[in-house]
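Here is the structure we will look at.
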Amino acid sequence: MTDATVNITTASFRPGTSDAEIEAAAARAAAHRRRTVTFWRLGILIAFLSLWEIAGRMAWIDPFFYAMPSTIAGRLYEWITEGTSEGPLWYHLYVTMEESVLGFVTGSIAGIVIGVALGRNRMAADIFSVYIKVINSIPRVVLAPIFIMILGLGLASKVALAFVMVFFVVFHNAFQGVREADRAMIANARILGASDWQLTRSVIVPSAMSWIFASLHVSFGFAIIGAIVGEFVGSRFGIGLLINVAKGSFDAAGMYAAIVIVMVVALGAEYLMTLVESRLAKWRPQPLHETQ
Amino acid sequence: MAVERPAPAIELINVSRRFLSPTGKSLTALRDFTMTVERGEFVAVVGPTGCGKSTTLNLVTGLASPSAGEVRVMGAPVKGIDPRIGFVFQTDALFPWRTVIENVMAGPLFRGKSKPQAEASARDWLARVGLARFEQHYPHQLSGGMRKRVALAQTFINGPEILLMDEPFSALDVQTRVLMHEELLRLWSEAKASVVFVTHDLEEAIALADKVYVLTAGPATVKSVYSIDLPRPRVVADIRYEQSFIDYSRTIWADLKEEVETSYARAAA
């Protein structure tokens with residue numbers, strides 16, 4: 001048997017198949033792939049904007065309704081440098097963000113707390129689930145006029161609307177996350193000596209965290225929707241108000257400009273959320289081929 | 001009582017356990033089940049898959065209660081989860097968001113030890129299972145065998161007097177499994193705990209245990225009990241080639257085979 005042993009360390013590679021060469025080839029392929037992706041992403045954006053611009057200039061579509069990328073960019077520049085007809089852009093943005101962030105934070109905290117509480121208590125869940133279903137079936141935006149009537153034109157009504165937009169999404173995921181917590185893990189913790197509260201805090205909540213985070217990703221967008229819809233219905237400041245004013249004066253470019261601003265903000269928030277999540281989820285396995 | 005003798009570690013006396021199926025039907029998992037585990041004894045329970053072996057363990061932990069009969073631990077009836085019991089699960093029950101050392105520290109921290117105390121004793125246990133270098137790793141970064149070692153350390157750190165194991169090594173490859181057997185016997189001989197080891201692997205049962213319980217196809221009840229008089233300390237890797245081991249295997253397998261066939265025929269029907 002021993003004479004059949006092959007000395008592997010001296011085995012020679014065919015040309016072009018050494019570790020270094022294979023790694024270099026893989027790195028080149030990955031870089032090429034990234035460049036291709038970036039190229040097409042930019043290309044599609046440029047093509048879309050150019051087509052829009054040309055269509056407007058050639059009067060294929062009516063720029064009065066559809067505006068053009070150039071007029072939108074012009075309006076944005078004007079808002080940034082000179083302010084809007086309703087005052088400085090930054091103040092409006094600040095107001096909308098304040099409403100969204102407050103609604104998001106309170107809504108997600110309430111959603112997590114109540115979701116975990118009901119997820120842990122089957123009896124309470126059975127009793128309240130019917131009410132939650134009923135309330136959840138209300139399209140949230142119809143609450144806007146009610147909140148404005150009760151809470152006035154200021155901050156509170158928008159925060160309330162953002163809150164209800166966020167609450168149900170986070171609640172559902174927290175509840176589901178708690179229900180999906182691994183049974184063996186729970187049994188293990190209890191036998192290791194965990195009390196009910198320790199079990200909730202150090203097993204149930206962490207294991208529901210990936211569910212909760214999935215909902216937090218989308219729910220900041222919902223908070224912005226809540227704030228802006230509230231502003232449509234009645235407000236003195238905010239991006240929603242700018243859209244409303246632009247609509248009143250048939251200023252298509254102004255409406256699109258406001259949309260662009262909201263888009264940028266929402267993307268920024270999403271990016272921040274991903275950063276936080278990847279910090280918190282460092283225990284999760286990374287895919288092997290990640291070449292960043 | 002004439003002679004004062006310490007009560008056995010575990011007694012199941014004529015225990016039955018019924019479940020309600022999702023459709024509301026009553027299913028019997030255990031019927032008139034009687035078993036005694038003396039202090040410091042290593043008992044293995046074998047039976048066809050799905051016969052109710054794991055149910056016996058859940059009754060001892062207090063996670064489930066018997067529908068009829070009595071379960072006693074250290075002479076007293078089971079009320080809730082007993083802190084003297086440790087449990088090693090078949091599936092991975094480690095907390096994936098905690099590092100290895102944080103996983104091992106969980107028990108002492110749950111039981112009110114201070115953080116430095118828990119950390120010191122977790123370090124000690126990790127060294128004993130040969131994972132000192134992996135303190136700061138997360139479970140997903142370890143191999144299956146290493147995760148099982150963490151699970152053993154996590155259980156043994158609480159100093160259990162009774163150790164319940166539910167097919168703990170069934171997911172491991174054969175080589176790793178033999179290493180884990182050695183590891184377990186070493187830890188057990190130091191800890192002097194009473195063990196109930198549920199498995200469907202007869203050779204594993206014979207190699208480890210003092211006594212092997214053979215269960216019938218579900219609803220499970222005890223079919224026969226075999227004492228395994230192989231000398232200790234045992235070397236699990238070599239013991240399977242000894243004649244007495246082979247004899248035990250042959251005898252018990254003849255017994256178990258009927259039940260396996262019954263259970264298989266039922267599943268196929």
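The values are calculated or read from the model by the stated rules, or taken from the named source; none is laboratory data. All values derive from a computational prediction rather than experimental measurement. Virtual Cβ from ideal backbone geometry, glycine too; neighbours counted across all protein chains shown.
Miscellaneous remarks
- Subset of the stretch B:10-46 [of a type outside the set (Val, Ile, Thr), outside any strand (DSSP E or B) and more than 14 Å from the chain's Cα centre (by Cα)]: B:SER21, B:PRO22, B:GLY24, B:LYS25, B:GLU38, B:ARG39
Let's see how each residue does on (1) in contact with a Gly (Cβ under 6 Å, 6 or more places away or on another chain); (2) outside the structural domain of A:ASN244 (by TED's automatic domain parsing); (3) surrounded by 14 or more Cβ atoms within 10 Å (Cβ to Cβ):
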site	(1), (2), (3)
A:ALA31	no, yes, no
A:ARG41	no, yes, no
A:ALA55	no, yes, yes
A:PRO69	no, yes, yes
A:GLY83	no, no, yes
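- Per-region count, the stretch B:143-156, residues aliphatic (A, V, I, L, M) and within 10 Å of chain A (Cβ to nearest Cβ): 1
- Scope the stretch B:32-71; condition of a type in the set (D, E, K, R) and surrounded by fewer than 19 Cβ atoms within 10 Å (Cβ to Cβ); matching residues: B:ASP32, B:GLU38, B:ARG39, B:GLU41, B:GLU70
- Residues of the stretch A:243-284 satisfying the condition of being within 14 Å of chain B (Cβ to nearest Cβ) and in a loop (DSSP other than H, G, I, E, B): A:ALA281, A:LYS282, A:TRP283, A:ARG284
- Whether a residue is modelled with pLDDT of 85 or more, among the β-branched types (Val, Ile, Thr) and within 18 Å of A:ARG183 (Cα to Cα) was assessed, and B:THR55 passes this test.
- Residues of the stretch B:85-142 satisfying the condition of being part of a helix (DSSP H, G or I), over 23 Å from the mean Cα position of the chain (by Cα), facing chain A (nearest Cβ under 10 Å) and under 26 Å from B:LYS192 (Cα atoms): B:GLU102, B:LEU109
- Subset of the stretch A:59-112 that is in contact (Cβ under 8 Å) with a residue 60 or more places away in the chain and among the acidic types (Asp, Glu) - its residue that is nearest to A:VAL166 (Cα to Cα): A:GLU99
- Checked against the criterion of being charged (D, E, K, R) and surrounded by 19 or more Cβ atoms within 10 Å (Cβ to Cβ), the stretch A:191-208 contains not a single residue that satisfies it.
- Pick from the stretch B:149-183, criterion among the charged types (D, E, K, R) and in a helix (DSSP H, G or I), ranking: farthest from B:ARG240 (Cα to Cα): B:ARG149
- Checking each residue in the stretch B:124-136 for being without any contact (Cβ under 8 Å) to a residue 40 or more places away in the chain and either in contact with a Phe, Trp or Tyr (Cβ under 8 Å, 6 or more places away or on another chain) or buried (at least 16 other Cβ atoms within 10 Å of the Cβ) (or both) picks out B:TRP125, B:LEU126, B:LEU131, B:PHE134, B:GLU135.
- Candidate set from the stretch A:195-214 (those that are small (Gly, Ala, Ser) and facing another protein chain (nearest Cβ under 9 Å)); member that is nearest to the chain's Cα centre (by Cα): A:SER207
- Here B:ASP82 clears all of (1) within 11 Å of another protein chain (Cβ to nearest Cβ); (2) of a type outside the set (A, V, I, L, M, F, W, C); (3) not in a loop (DSSP other than H, G, I, E, B) except the condition numbered (3).
- In the stretch A:166-194, of all residues being within 12 Å of chain B (Cβ to nearest Cβ), among the charged types (D, E, K, R) and part of a helix (DSSP H, G or I), the one that is farthest from A:ALA124 (Cα to Cα) corresponds to A:ARG190.
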